[in-house]
Structures are given as structure tokens and as C-alpha cells.
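Bear in mind these aren't lab numbers, they're just calculated from the coordinates by the rules spelled out. This structure is a prediction, so every number in the text was calculated from the model and none was measured. Cβ sites come from the backbone with ideal geometry, for glycine too, and all protein chains shown count toward neighbours.
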Amino acid sequence: MPTIMVVEDDRQLLEVMAHFLEVRGFDVHSASCGYEALAILSATGVDLVITDINMPRMNGLELANRIAGAHPGLPVIAYTADPATARSSNFAAVMSKPSSFQDILETINAYLPPVAAASC
């Protein structure tokens, strides 16, 4: 199964996203901040990262930059209420909050290898 990391400081949204992805057959790692996400990445591999932008301590822009340096080619998708703040070459895609679960799944599948993509 493909593994996705969701990075979101809103605990309720983090739990909803993780549950949605798990039901769709993904293995999910959850992180509530950029530092926690980097610790997970150093301990285990993931196929894709979805991150909020506006988070305390380390925002999603800095997280994407650090991931690009340490894990070149790992797709990072921004999931944010303000897509204009996510304009960075280190994001594979930018999704607006809120997005439908179908749009989220389609975006994820676009950046996973074809054998790893989940069905609807």
C-alpha cells in the first residue's frame, strides 16, 4: 500500500483526513507540525506528503523546502486556505481548503506512481 503523510495542526482535520485516506487503502502517518513530520520521514519512508501551510513553529513552506533537500523527488502537496501563500517550486500541487474528498483523492493519485494509486 502507498504511504502518505498528512501534516496539519488542526487536530480534527488531521484525524478526518487520515481516516479518509486509510479507508481508501493508504497507510497514513500523521504529524501536527513540520518538526514531527521531519522526524517521521527520518524514521520511515512515505510516497507522498500533504501539508498545511500556516502552522506554528515550522510552516509548510519551510517543511517543503527541507523535504526537497533531504528527499528529492518526494511529492509534497500543499493543502491550504490561502493557495497564494503556497507558490513554491517545492510543491507538486496546491489544493484549496476546503476541497472535496474526490478532488483530494484525484490530486493524490496524480502524484503517486500508477501502481500505487488508490481507487475511488
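Within the stretch 19-29, can one find any residue that is part of a helix (DSSP H, G or I) and surrounded by 15 or more Cβ atoms within 10 Å (Cβ to Cβ)? The answer is yes; a qualifying residue exists. Checking each residue of the stretch 53-67 against the condition of being β-branched (Val, Ile, Thr) and part of a helix (DSSP H, G or I) gives at least one match. Scanning the stretch 42-61 for residues that are in contact with a strand residue (DSSP E or B) (Cβ under 8 Å, 6 or more places away or on another chain) and under 24 Å from Pro83 (Cβ atoms) yields Val46, Asp47, Leu48, Val49, Ile50, Thr51, Asp52, Ile53, Asn54, Met55, Gly60.
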